[in-house]
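The values are calculated or read from the model by the stated rules, or taken from the named source; none is laboratory data. Just so it is clear, the structure is predicted and the values come from calculations on it, not from any experiment. Here the Cβ positions follow ideal geometry from the backbone for every residue, glycine too, while neighbour counts run over all protein chains shown.
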Amino acid sequence: MTEMPNDKAGSVVSGSPSPHEILKTYFGFSEFRAGQQQVIEQILSGQSSAAIFPTGSGKSLCYQLPSLLLSGLTLIVSPLLALMKDQIDALEAKGIRAARLDSTLTNDEYQQTMRDVRDGTIKILYVAPERFMNERFRNAMAGIHISLFAVDEAHCISEWGHNFRPDYLKLPLFAKRLGAKVVLALTATATPQVLLDIQKAFEVRPECAVVTGFYRSNLTLLSQPIEADQKDGQLLSDLRSNPRGPTIIYVTQQKTAEKVANMLAANDIPARFYHAGMVNDDRVETQNWFIKSDTGIVVATIAFGMGIDKANIRYVYHYNLPKSLENYSQEIGRAGRDGSPAICKMFACPDDLNTLENFVYGDKPTLKAIRELINQVFEGEIFDVSLAELSTKLDIKPIVLSTLMTYLELKGFLKAQTPYYQNYQFKCVLPWPEILSKIPSDRHDFLNGILQCSGKKTLWYTLDVDAAMRGLNENRDRIVVALNWMAEKQYIELKSAGIRNAYQILNRPPSIEVAASEIYGDMEIREKKELERLNRILDWSVLKSCQANSLGAYFGEARHEDCGHCSYCLGDTNRVLPKRHQTEPGRLEEILEQAKELKGSLGKFDVNAVTITRFLCGISSPKLLRTKLNSRHPLFGVLAETPFDVVLGRLEGQGYW
C-alpha cells in the first residue's frame with residue numbers, strides 16, 4: 001500500500017490522491033454515503049463543519065479519510081472508550097496509524113504514543129474530553145500541528161440536550177488554544193435546538209451543518225404495551241417465532257442483564273450478558289464473540305453497542321424503556337446497517353419509569369448543599385479545590401458538581417483556570433549526571449533546581465511544584481514541560497496525581513441566598529426536562545399516528561407519507577399502556593415507620609424528606625458510599641419499585657420528617 005506523503009507546511013498535502021481514490025484504496029468503497037462527501041470537502045477546504053448522521057451512517061469516515069490528506073494530526077475527542085479501541089483496530093488493519101490516550105496505558109505506552117504523535121507517525125489520535133483537564137497532556141500537545149479537531153457525541157455540548165457534559169463546553173476553547181485549523185462536530189442525536197447550540201459553540205456556519213435525515217425504511221419499529229411480569233414470556237415467544245439473527249436486548253440495570261441472559265439460557269436460547277461492571281477481558285471476549293456470530297444474542301446495558309462495527313444486526317429489543325427518544329434513536333440505529341430488514345421492538349412498561357426516574361432524582365443536590373458550595377467558592381479571590389474531595393464533602397455527585405461550577409461560569413461569576421496536578425513524582429531511568437550530559441549546558445541550573453526542590457524516598461523523587469516555582473522564580477508551565485520532555489526522552493519515569501481545579505472570581509453574587517435559589521431553580525428545570533423525556537417515550541409508544549414520522553419530526557425531519565412499518569401503520573392502533581403499579585399502602589406505611597430509625601444514623605447528612613426518599617428508593621450519593629448506610633443496609637432500595645414522587649409525597653404529607 002502506498003505510503004501517504006507528509007508535508008507539515010500546509011493544510012492539505014500537495015499532490016495528494018483525490019478523496020475518491022482514498023475512499024477506494026484505504027476503505028474499500030466506490031461511493032460515498034449520503035452527506036459524507038460534502039462534509040469531507042468542507043473540511044479539506046478549511047471550513048469547520050457539523051455532521052448530523054443517524055447511527056451507523058458513516059460519521060467516522062468524515063474524519064478518518066481527511067486525516068490521510070491533511071498535513072498535521074487529526075485529534076478525535078470521544079467519551080466512548082470502546083469506540084476508540086474498535087476504530088483504532090480497524091484503522092490499523094487498513095494500514096492507517098492511529099492511537100489513543102486513556103487510563104489503560106502504561107507510562108511507557110503513553111510516552112511512546114506521544115513520540116509517535118510528535119514525529120508524525122500517528123495520523124489520528126483519540127482522547128476523552130477529560131484529557132484536556134490534564135496539564136501534562138496540554139503541555140505535551142503544545143507545538144503539535146493539528147489539522148482537524150473532531151468532536152464525537154457533540155450533542156453533549158448543549159446545556160439542554162439529553163446528555164449534557166460540562167467538559168464539552170470548554171472544547172471550543174481548547175481547540176483554539178491548540179491552534180486547530182478546522183473543527184468537525186459529529187452526532188447522531190441532535191434536535192434543531194441542539195444543532196443550533198453546536199453551530200454556535202464550534203463556529204460552524206449554517207450551510208456547513210450537514211443533516212442527512214433520520215428515517216430508515218428497512219427498520220420495523222414495534223412498541224408493545226406490557227406488564228412487567230409478562231416481559232420474559234413475550235421475549236421468549238418473539239425469539240422463538242422469528243428467524244435467528246444477531247440480536248441486542250437492551251436493559252437498564254446490570255443485574256437485569258444477567259437475569260434475562262440466564263433466563264434465556266435456561267429456556268434453551270443461548271445468550272450472553274454485557275455490562276460495565278464486568279471484568280474488562282470478559283467484556284472484550286463477549287463483544288468479539290458477538291461481532292463474529294451470525295446468531296448471537298447479547299443482553300446488555302447501553303454500555304454495549306457504542307462503536308461496534310457490525311452491519312447485520314437483525315433485532316434490537318428494548319426489554320426496558322430507553323432514557324429518551326435520543327437514546328432510542330441511537331440504539332435502534334445499530335440494527336440493519338447492511339440495508340436488509342431489521343426489527344426494533346420496545347416493551348412499553350410504565351413500571352420501568354421507577355428506575356429511570358430515580359437516576360434523574362438522584363442528580364439534583366439540595367438547596368442547602370448549593371448554598372454551602374457558593375459560600376465556599378466566594379471566600380477568597382481564587383477558589384482552588386479538588387472537585388473529588390468537594391463532591392464527598394457536599395454530597396453532590398462529581399458530574400453534577402462540575403455542572404454547578406459550569407453554571408457559575410455561565411452566569412459570569414467565575415472563570416476556570418488551568419487544572420493542575422498537586423503532586424509530581426519522578427524516577428531517574430539514567431543517572432542524573434548522564435541526563436545532564438544529554439542536555440544543553442544553559443539548562444543545567446534550571447534542571448538541578450528542580451532536583452533540589454524534590455524530596456527523595458528510595459528511588460522516587462516527589463516534587464513540590466509551588467516551592468519550585470518560588471525557589472527558581474519560574475512559571476509552572478516551564479517546570480511541567482521540562483518534566484514531560486525528560487519523560488518522553490525516557491530519561492525519567494514520571495507520575496502525577498491529585499488533580500485540582502482553580503477558578504478566578506470575576507464577580508460576587510449580591511446575595512448568596514438568591515444565587516443559590518437561582519441555580520437550584522436551574523437544576524429543577526433540568527430535572528423536569530429529563531422527566532418529560534421519559535414520559536415522551538411512553539407517549540410515543542402508543543401514538544395514534546405514524547411513529548417513524550413522529551420520531552423524525554422530533555429531530556427536525558418532516559415526512560408526509562406514513563412509513564408503513566411501525567406498530568401504528570401495521571394496524572396496531574389501539575395500544576393502551578397498563579397502569580403503573582404502586583406499593584400496597586399498608587406495606588408503604590410500615591416501611592416509612594421503620595425509616596424513622598434512620599434519622600440518628602444520617603446525622604452527617606442534610607436529613608429531610610428528599611434524603612430519606614433517595615435512600616429508600618436505592619439512590620446512593622458520594623457521602624453515603626463512605627458510610628455503613630450503603631447497599632447492604634436492609635432499608636436501602638426497599639422502595640426501588642415505588643415511584644419516587646409517591647414516596648416523597650407520603651413523607652412530606654404525613655410529617656414523618
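Can you work out which of the residues in the stretch 391-401 that are buried (at least 19 other Cβ atoms within 10 Å of the Cβ) and not β-branched (Val, Ile, Thr) is farthest from the chain's Cα centre (by Cα)?
Leu394
Of all positions in the stretch 111-122, at least one carries a residue that is within 24 Å of the chain's Cα centre (by Cα), surrounded by fewer than 20 Cβ atoms within 10 Å (Cβ to Cβ), without any contact (Cβ under 8 Å) to a residue 60 or more places away in the chain and not assigned by TED's automatic domain parsing to the domain that holds Thr286.
Only one of the listed residues (Phe32, Phe53) is at pLDDT below 95 and among the aromatic types (Phe, Trp, Tyr). That residue is Phe53. Considering the conditions (1) of a type outside the set (D, E, K, R); (2) crowded, with 18+ Cβ neighbours inside 10 Å; (3) within 32 Å of the chain's Cα centre (by Cα), Met486 is excluded by exactly one of them, (3). Taking the criterion of being surrounded by fewer than 14 Cβ atoms within 10 Å (Cβ to Cβ) and within 34 Å of the chain's Cα centre (by Cα), the residues of the stretch 554-592 that qualify are Ala558, Lys579, Gln582. Pairs only if they're at least six apart or on different chains, beta carbon under 6 angstrom, first in the stretch 41-52 and within 15 Å of Ser147 (Cβ to Cβ), second at pLDDT below 95 and assigned to a strand (DSSP E or B); list them, first residue then second. Taking only residues 6 or more apart or on different chains, the pairs are Leu44/Val12.
Table: residues versus (1) at pLDDT below 90; (2) out of contact with any strand residue (DSSP E or B) (no Cβ under 9 Å at 6 or more places or on another chain).
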{"residue": "Ala93", "(1), (2)": "yes, yes"}
{"residue": "Asp108", "(1), (2)": "yes, no"}
{"residue": "Ala154", "(1), (2)": "no, no"}
{"residue": "Trp160", "(1), (2)": "yes, yes"}
{"residue": "Asn163", "(1), (2)": "yes, yes"}
{"residue": "Pro166", "(1), (2)": "yes, yes"}
{"residue": "Leu171", "(1), (2)": "no, no"}
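Of the residues making up the stretch 37-73, just one is within 24 Å of the chain's Cα centre (by Cα), assigned to a loop (DSSP other than H, G, I, E, B) and under 14 Å from Ala180 (Cα atoms), namely Ser48.
When the stretch 445-483 is limited to residues that are assigned to a loop (DSSP other than H, G, I, E, B) and not polar (S, T, N, Q), the one that is surrounded by the fewest Cβ atoms within 10 Å (Cβ to Cβ) turns out to be Leu459. If I go through the stretch 74-106 residue by residue, how many of them are assigned to a helix (DSSP H, G or I) and more than 19 Å from the chain's Cα centre (by Cα)? Of the residues in that region, 5 qualify.
Against the definition (of a type in the set (A, V, I, L, M), touching a His at 6+ places or on another chain (Cβ under 7 Å) and crowded, with 17+ Cβ neighbours inside 10 Å), how does Val194 come out, yes or no? The answer is yes for Val194. For the stretch 521-571, filtering for residues that are part of a helix (DSSP H, G or I), of a type in the set (A, V, I, L, M, F, W, C) and without any contact (Cβ under 8 Å) to a residue 40 or more places away in the chain leaves 2. Among the residues of the stretch 284-311, how many are part of a helix (DSSP H, G or I) and touching a residue at least 12 places away in the same chain (Cβ under 8 Å)? Residues meeting the conditions: 5.
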